[in-house]
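Presented below is the structure to which this report refers.
The values are calculated or read from the model by the stated rules, or taken from the named source; none is laboratory data. Computed from a prediction, not measured in an experiment: that's the story for all the values here. Cβ sites come from the backbone with ideal geometry, for glycine too, and all protein chains shown count toward neighbours.
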C-alpha cells in the first residue's frame, strides 16, 4: 500500500511578543500620569442652610483659589449630595469622605449661612494629606467674592512645601547628624518635610564622627524628595539598616516571576515553530521521501499545543511584570 503523504498548508499561529510587551510599555508610560492625576481636590463636607447653586459656586471658587496658591495639581471634587443619609458623625464623616476620594490631598469645606439672604457664608476648611488631617482654618465671605476672600485662608492652611513655587525635602538621617541645605543649617525632626524653593539644591549631611555626604537633589514644584544619608563608617562596616520596604521586595518578586514567565512563553513559541519545520516536503513524481499523514498530524498537534502554551504564558508574564512595576512605583511615590 502506498504511503499517504501530505503537505501542511498552515503553521500554528503564535502571537508575537510585541503585543504584550507593547501593552506593558504603554502601561509604564501611563502609571506616573495616573499617580499624579489628582493630587488635591476640594469637597463639601456639610452645607446646611446653603442653596445648591451657592454650594456649587463656593466649591468651584475654592478650587480656583487652590490653583493660584498651591504647587499641587488641583482636580475637580465630587458634587455635594444634600440630604444624603449619614452613618457617621464628626471627624469620622470627614475621614470617610477623604477615604472615598482618589486624591493624595483633600480640602474639606463645612459651610454655614451668615445672613438670611444667603449672600454671606462662614466656612471651616480642613486639609487632609495622605489620609491624615494636618490643619484647620476658618473664614467668612460673600458668595460673589468667595474666591478672593478664601485665597489667603487656603494659603495659610497649606504647608509651606505645598505652596506655589515650592517643594519639600523629607529628611531621614541618623541621630546626631547635621543637615545643611545650600549652606544653610536646618534642624528638622526625622521624617519632617522641609520647605525649599523648587529647583536644584545642595544637601550636605555631616555625621557625628566627622564624615560628610554631599548630595545634589532636584526638587520639583509640589514634590517631597526623600533625603537619605548613610554614615560612611556604617556603610563600610555593614551595620547600616536595610532600606528595602516589604512592598518593594514584593514588587521585585512579582516582576521577576513575570519576566521568567515571559521568557517561558518565548521558548514555547520557538518550540512550536520548530516542531512544524521539516514536515512540509511534498510527494511529487516517483519520490516518496516525505512525511506520513499520522506523523504530520502528531507534529501539528504538538506545535499547536506549544503555541497555545506560549500565548498564555506571554499574557500572564506581561501582567505579572506590569504589576511588579506598578507596586515598585507605588512604593517609590509613597515613601
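Could you tell me whether residue 106 is farther than 29 Å from residue 168 by Cα and not in a loop (DSSP other than H, G, I, E, B)?
In short, no.
With outside any helix (DSSP H, G or I), within 24 Å of the chain's Cα centre (by Cα), modelled with pLDDT of 90 or more and surrounded by 12 or more Cβ atoms within 10 Å (Cβ to Cβ) as the only criterion, which of 41, 50 stands out?
After applying the criteria, what remains is 41.
If you scan the stretch 98-107, which residues turn out to be modelled with pLDDT under 95 and buried (at least 19 other Cβ atoms within 10 Å of the Cβ)?
Answer for the stretch 98-107, where residues must be modelled with pLDDT under 95 and buried (at least 19 other Cβ atoms within 10 Å of the Cβ): 98, 103, 104, 105.
Condition test on residue 72, is it surrounded by 20 or more Cβ atoms within 10 Å (Cβ to Cβ), more than 25 Å from residue 223 (Cα to Cα), modelled with pLDDT of 90 or more and in contact with a helix residue (DSSP H, G or I) (Cβ under 7 Å, 6 or more places away or on another chain)?
The answer is no for residue 72.
Answer with yes or no whether residue 220 is within 30 Å of residue 180 (Cα to Cα), at pLDDT 80 or above and loosely packed, with under 14 Cβ neighbours inside 10 Å.
Yes, satisfied.
Just one of 267, 250, 254, 213 is surrounded by 13 or more Cβ atoms within 10 Å (Cβ to Cβ), more than 30 Å from residue 315 (Cβ to Cβ) and at pLDDT 70 or above; which is it?
213
Which of the residues belonging to the stretch 129-157 are crowded, with 19+ Cβ neighbours inside 10 Å, at pLDDT below 95 and within 14 Å of residue 106 (Cα to Cα)?
129
Where in the stretch 119-237 are there strands (runs of 3 or more DSSP E), lying wholly inside it, with at least 3 residues that are under 26 Å from residue 333 (Cα atoms) and within 31 Å of the chain's Cα centre (by Cα)?
Those strands (runs of 3 or more DSSP E) span 120-129, 132-142, 166-172, 178-181, 193-197, 199-206, 212-219, 224-228.
Looking at 204, 182 in this structure, which one is on the phi > 0 side of the Ramachandran plot, touching a strand residue (DSSP E or B) at 6+ places or on another chain (Cβ under 7 Å) and modelled with pLDDT under 95?
182
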